[in-house]
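The values are calculated or read from the model by the stated rules, or taken from the named source; none is laboratory data. Computed from a predicted model, the values in this text were never measured in an experiment. Using ideal geometry, Cβ is built from the backbone for each residue, glycine included, and neighbour counts are taken over all protein chains shown. Heads up: the accessible areas ignore ligands, DNA and RNA and are worked out on the full protein's heavy atoms, side chains in. Shrake-Rupley method; radii C 1.70, N 1.55, O 1.52, S 1.80 Å.
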Amino acid sequence: MVSGVLFPTGFRLERLVKAHPRRAFRSGQTEVDDWLATKALQNQDKHLSATKVLLDESGAIAGYYTLATGQVDFSDLPPEAAKKLPRRMLPVAVLVWLGVSADRQGQGLGRLLLAQALRDCYDAGQMFSFIAVVLDCVDDTSKAFYQHFDFAELPGRPYRLFLTAAQLEAMMSGA
């Protein structure tokens, strides 16, 4: 899926800074918009998460994603994923948010942002190990989007999806 993410000409990916027009971003999902406008920078400043924004030619935010680390309990994993893992809290990478501006949807930017977010997780995993990438979906449409990229449900949590570290590694190696 990802060997090197190339965004369309004129787009650039940057770490979120105060000068970016966060409050003007509109994806059509209130929660996604509110996070970027009111919480993303504060959480980044507190070292709780990291947000990257995709800027278009005019400097407007075309999309973004936020990553963090977290933990899941061994018992929350499906048996096939938990096999041979210690029975305790386990480290995960968390795709906290991903959004594309309403006027840029349908152009493949969500797929590219997901690919870059997964590349960032993979790269981080070379230094800080985790067993999976986990995310929470806001609705059925976003759930279907992530499932298209092999994310699966955690048992008993239909809107919490995961991709194992082994799956991520296979994606990055092109297997």
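Remarks
- Residue-by-residue Karplus 3J(HN,Hα) for the range 16-33, coefficients 6.51, -1.76, 1.60, Hz, glycine and proline x: 4, 10, 4, 6, 5, x, 4, 6, 8, 6, 9, 9, x, 10, 3, 5, 5, 5
- Amide H contacts under 5 Å for Leu90, placed H, 5+ residues apart: Val72, Asp73, Phe74
- Antiparallel content of DSSP bridges confined to the chain, in %, to 5: 90 percent
- Under the criterion of Cα pairs below 8 Å and six or more residues apart, the relative contact order for the chain equals 21 percent.
- Per residue, the accessible area of the range 1-111 comes to 56 Å², computed with a 1.4 Å probe over protein heavy atoms only.
- Heavy-atom accessible surface of the chain: percent carbon and sulfur, 1.4 Å: 53 percent
- Euclidean distance of C-alpha centroids, the range 29-54 and the range 77-156, integer Å: 17 Å
- Across the range 54-71, computed HN-Hα scalar couplings (Karplus, 6.51 cos²θ - 1.76 cosθ + 1.60, θ = phi - 60°) run 9, 9, 8, 4, 8, x, 6, 7, 8, x, 7, 8, 10, 10, 8, 10, x, 9 Hz from first to last residue, x flagging Gly and Pro.
- Residues in the range 82-99 carry Karplus couplings, in order, of 8, 4, 6, 9, x, 8, 6, 5, 10, x, 9, 8, 10, 8, 6, 8, 8, x Hz; the curve used is 6.51 cos²θ - 1.76 cosθ + 1.60 with θ = phi - 60°, and Gly or Pro positions show x.
- Sum of -39500 (n - 2.57) over DSSP H runs of 4+, divided by residues of the chain (222 nm, nearest 500): -7500 deg cm²/dmol
- Ranked by the mean number of other Cβ atoms within 10 Å per residue, highest first, peptides 112-124, 40-52, 161-173 order as 112-124, 161-173, 40-52.
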